[in-house]
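**Q** Pasting a structure below so you can have a look.
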Amino acid sequence: MISIQGKGVSTGVAIGPLYYYQRAKSTIRRYEVENTEAEWERFKAAQAKAIEQLSELAEKAREEAGDEAAMLFETHQMMAEDLDYEEAIQGLINDNKLNAEAAVTDTAAQFAEMFASMDDAYMQARAADVKDVSGRIIGILTGVVQGGIDSPVPVILAADDLAPSETVQLDKSKILGFITEGGSGSSHTAILARTMGIPAIIGVGDQLKPEYEGREVIIDGSTGNVVVDADEATKSYLLKKLEEQKKTQEMLNLLKGQPNVTKDGQSVRIYCNIGSPDDVPAVLSNDAGGVGLFRSEFLYLNCDDYPTEDYQFEAYKKVLSDMGDKEVIIRTLDIGADKQIGYFDLPHEENPAMGNRALRICLNRPEIFHTQLRALYRASAFGHLGIMFPMVTSVWEVKEAKKMCERVKAELNAEGKPFSSDVSIGIMIETPAAVLMSDRLAKEVDFFSCGTNDLTQYTLACDRQNADLGRFYNPHHPAVLRALKMVCDNAHKNGVWVGICGELGADLELTETFLSIGIDELSVSPRAVLPLRQKVRETTVADVREKLVGDLLSDENAI
């Protein structure tokens, strides 16, 4: 038995085979082949498999997001079967005796350059398509699987860490839990695990060896313990814990349909954070009151080029339709910092967390923002929509964003396209500037939602992605809590409600504090809804408000 200690960032016990995430190789081997006919057949087999995969993806996209979404994969299918593309690869294999991977790589570069040099915007966009199709074929040739997992059974997925663009492409049905060498509690791997309701452990370093792959692993997300080939006593103990976990969930299920009201009658809305239309069933099954944060940037991360208005419209429409009359708050594009997308061509920045990101990109590149806003307002006809702008620091930014909304509404009205006249507008409070200006910002919007991950990072000047700063990154710091109280006070004076959509919203140690300072809404991962409801229903706010708020403002509580 091998025991490894990391840091648990998503609770629960899971058991299954260990599987290392397969990342595409950045360097393709080049070598001369003797049997060119066999090499050509090798390419053809990989091409056929790629076309089959793309056909399946097209059908899945059509079911989940409509015909517009399916067209991307159908275009890729046509590209993979293109005769000129095939002939170019065959020529390099037959004439230059190149191995198939190198032949596909060179052909992709040649075709991409050709498309990129054309004047027509549609043809220029095909440069990204040929790269993606070629990458898929190369992945098959080299044994690297699209989505990173090639297993007939669900696995405990291990990786050094996962980028947002990698997490969004994972086959979620194959994952029982996560283990990463690095990362932090606010990394996208941790957030994805909490959304999926599965255990996750970070920070195991080099303790996890490649030779452990395929061996049985049990992970305990509450303790951060990883056990490889557990002995009978340990296995029995952890499996018993898994059973208790299931029983606890059954008890929590009895809270479904119950109000989120404290013993002394204070209500709070409990919503969910999601990153995809696929997350909505988990929101509904956990009886959340709505969606407090739909991270729309994951639609962009899942595309090889800027998602079209129709593609986004179908995704937003599906979420709003599936949620019925429940509120759905969609955050506009929040790219930049740790969420980088190649086709945005953002310049390198020494400090991207402070750089060109989120609303700044939208205001600097209004054509991108305009497309998203059109999709959002069109979708508003199918449900109860709120639009939320991230990374706000000043009043003028909000006014500019609202002007864009008015332009879009005027356009849609002129075109005769339906949209709701009751779309609420809100902003993320995640910078100290927004906290200090919250009295004036409240006059411009309908609601605030506090992004406590970034608010903690900026307030404490502490990089939330840096695992070495773990004890310095303290979301319970009085400076963070005082900031939240200031926001609540300023919002309520102006008739604006306040929510928390950061990971801190699910921290049961702070539930009483949040209720005491007047937080109106908590948006958490689906699995956190019922435990949070239980905590709310066990609380008598009047008994704790004076002490908690007093402690919060007391000099003795300063760190």
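Bear in mind that the values in this text are calculations on the coordinates, not laboratory data. Here the structure is a predicted model, which means the values were calculated and not measured. A quick note on method: Cβ atoms are made from the backbone with ideal geometry, for glycine too, and the neighbour counts reach across all protein chains shown.
**Q** Go ahead and run the numbers for FRET between Lys235 and Leu83, Cβ-Cβ distance against an R0 of 60 Å, rounding to 0.05.
**A** Result of the calculation: an efficiency of 0.60.
**Q** Simple spin-label model, 7 Å along Cα-to-Cβ: Met486 to Asp543 in nm?
**A** 3.3 nm
**Q** Ignoring everything except DSSP H segments at least 4 long, calculate the 222 nm mean residue ellipticity for the chain; use -39,500 (n - 2.57) per segment, divide by total residues, nearest 500. Before the final figure, lay out each step's value.
**A** Details: 21 runs with 262 residues, N = 559.
Taking each H run of at least 4 residues, the total per residue is -14500 deg cm²/dmol.
**Q** Then there is this: In whole percent, what relative contact order does the stretch 36-142 give with Cα contacts below 8 Å and a gap of six or more residues? Present the calculation step by step, with values, prior to reporting the outcome.
**A** Values: 114 pairs, mean separation 33.1, N = 107.
Relative contact order of the stretch 36-142: 31 percent.
**Q** Can you give me the relative contact order of the stretch 255-557 as a percent, contacts being Cα pairs under 8 Å and 6 or more apart?
**A** On the way: 546 pairs, mean separation 63.9, N = 303.
The value is 21 percent.
**Q** For each pair in Lys7/Lys240; Lys403/Lys443; Lys49/Lys172; Lys174/Lys246; Lys49/Lys209, compute the distance between the two Cα atoms and list the pairs where it is over 23 Å.
**A** Details: Lys7/Lys240 21 Å; Lys403/Lys443 15 Å; Lys49/Lys172 21 Å; Lys174/Lys246 20 Å; Lys49/Lys209 31 Å.
Among Lys7/Lys240; Lys403/Lys443; Lys49/Lys172; Lys174/Lys246; Lys49/Lys209, the Cα-Cα distance tops 23 Å for Lys49/Lys209.
**Q** Within 10 Å, count the other beta carbons around each residue, average over each peptide in 296-305, 278-287, 394-403, and list them highest first.
**A** Ranking the peptides 296-305, 278-287, 394-403 by packing returns 296-305, 278-287, 394-403.
**Q** Okay, moving on. Identify which of the listed values of Rg and Dmax of the Cα atoms in Å was calculated from the structure shown: (1) 23.6, 72; (2) 25.7, 88; (3) 25.1, 83.
**A** Evaluating Rg and Dmax of the Cα atoms in Å on these atoms matches (3).
**Q** Let me ask something else about it. Would you please state which residues of the stretch 71-113 a label at Glu41 would reach in this model, taking the label point 7 Å out along Cα→Cβ and a backbone N cut-off of under 16 Å?
**A** 94, 100, by backbone N distance to the label point.
**Q** Output the direction-averaged projected area (hull surface divided by four) of the convex hull of the alpha-carbon atoms of the stretch 169-293, in nm².
**A** If I average the Cα hull's projected area over directions, I get 9.9 nm².
**Q** Please list, ordered by chain and number, the residues whose modelled amide H lies under 5 Å from the amide H of Ile429; skip anything fewer than 5 residues away on the same chain.
**A** Excluding prolines and chain starts, which carry no amide H, the hits are Ser449, Cys450, Gly451.
**Q** Dividing the alpha-carbon Rg of the stretch 36-142 by 2.2 N^0.38 Å yields what?
**A** The stretch 36-142 yields a ratio of 1.09.
**Q** Taking the Cα centre of the chain as origin and charging only Cβ (+1 Lys, Arg; -1 Asp, Glu), how large is the dipole, in debye to the nearest 20? List each step's numbers first, then the result.
**A** Details: 57 positive and 88 negative charges, 421 e Å.
Using only the charged Cβ atoms, the result is roughly 2020 debye.
**Q** Expected output is a single nm value to one decimal: the length gained when fully extending between Tyr31 and Ser117, i.e. 0.36 nm times separation in residues minus the C-alpha distance. What is it? Present the calculation step by step, with values, prior to reporting the outcome.
**A** Details: separation 86, 0.36 × 86 = 30.96 nm, distance 2.98 nm.
Additional length available on full extension: 28.0 nm.
**Q** To continue, here is another question. Report the full-extension gain for the segment Phe472 to His370: residue separation times 0.36 nm, less the Cα-Cα distance, to one decimal in nm.
**A** On the way: separation 102, 0.36 × 102 = 36.72 nm, distance 3.93 nm.
Roughly 32.8 nm would be gained on extension.
**Q** Per the Kirkwood formula on distinct C-alpha pairs, the Rh of the stretch 401-518 is how many angstrom?
**A** Values: mean 1/r = 0.0635 Å⁻¹.
It is 15.8 Å.
**Q** Okay, next question. Using 7 Å Cα-to-Cβ label points, what is the Glu349/Lys417 separation (nm, one decimal)?
**A** Modelled inter-label distance: 2.9 nm.
**Q** Relative contact order of the stretch 384-472: what whole-number percent is it, with Cα pairs under 8 angstrom and at least 6 residues apart?
**A** On the way: 106 pairs, mean separation 28.2, N = 89.
Contact order relative to length: 32 percent.
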